[in-house]
1. Would you tally the residues in the stretch 88-127 being under 34 Å from the mean Cα position of the chain (by Cα) and modelled with pLDDT under 95?
2. Of the residues in the stretch 21-68, how many are exposed (fewer than 10 other Cβ atoms within 10 Å of the Cβ) and acidic (Asp, Glu)?
3. Kindly indicate the residue of the stretch 49-77 that is of a type outside the set (A, V, I, L, M, F, W, C) and modelled with pLDDT of 90 or more and also farthest from the chain's Cα centre (by Cα) among those meeting that condition.
4. Have a look at 84, 65 and point out the one that is part of a helix (DSSP H, G or I) and either over 30 Å from residue 43 (Cβ atoms) or among the charged types (D, E, K, R) (or both).
5. Would you mention how many residues in the stretch 31-62 are assigned to a loop (DSSP other than H, G, I, E, B) and polar (S, T, N, Q)?
Amino acid sequence: MWKPDAYTASVLDRMAPEVRQTYTLEQMQALQKALNPKKSPHAIDFRTTIPLWFTRIYVVFLVGKDRRRSTRRVARERRRQTRKLGVIFFLVGLLTFFLGTVFLLGYFLKSELGIDLNKQQHLEDVIPR
């Protein structure tokens, strides 16, 4: 005689008795297999709950072969590309700031020394106040 595991039995108990009685032995075994698909592929699979007076804590400890290498490689490549783009934006911003500062310092130095590059028009004439 087939005996369901605890979880399958709990699912069957929640069904209406008239529905549960229509299942054949083969259907019940298929239901159990569907509810508990396969054993964990982990070498160590420890799962438990710790009851505390205010709540319950679920603890899982798994050890097994890493099958996520390809997804981690893709994530690492994306981080590298993002870092590259960030460095490019930072360098462009730094270069813009540096060139702007050099231009302004050069302009003020030229003005203080009284050097006119265009004798007919000055920057003060072009920029409205």
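1. If we filter the stretch 88-127 for residues that are under 34 Å from the mean Cα position of the chain (by Cα), which is where we start, we get 88-97.
Filter once more, keeping what is modelled with pLDDT under 95: none.
Here the count works out to 0.
2. So the answer is 2.
3. Within the stretch 49-77, the subset of a type outside the set (A, V, I, L, M, F, W, C) is 49, 51, 55-56, 58, 64-73, 76-77.
Then keep just the ones that are modelled with pLDDT of 90 or more; that gives 49, 51, 55-56, 58.
Values: 49: 28, 51: 31, 55: 29, 56: 28, 58: 23 Å.
Once the filter is applied, the top-ranked residue is 51.
4. Working: 65 fails: part of a helix (DSSP H, G or I).
Result: 84 is the single residue among 84, 65 that is part of a helix (DSSP H, G or I) and either over 30 Å from residue 43 (Cβ atoms) or among the charged types (D, E, K, R) (or both).
5. The first filter runs over the stretch 31-62 and keeps only residues assigned to a loop (DSSP other than H, G, I, E, B), leaving 36-43, 52-55.
Narrowing further to those that are polar (S, T, N, Q): 36, 40, 55.
So the count comes out to 3.
The values are calculated or read from the model by the stated rules, or taken from the named source; none is laboratory data. Since the model is a prediction, treat every value here as computed from it, not as a measurement. Virtual Cβ from ideal backbone geometry, glycine too; neighbours counted across all protein chains shown.
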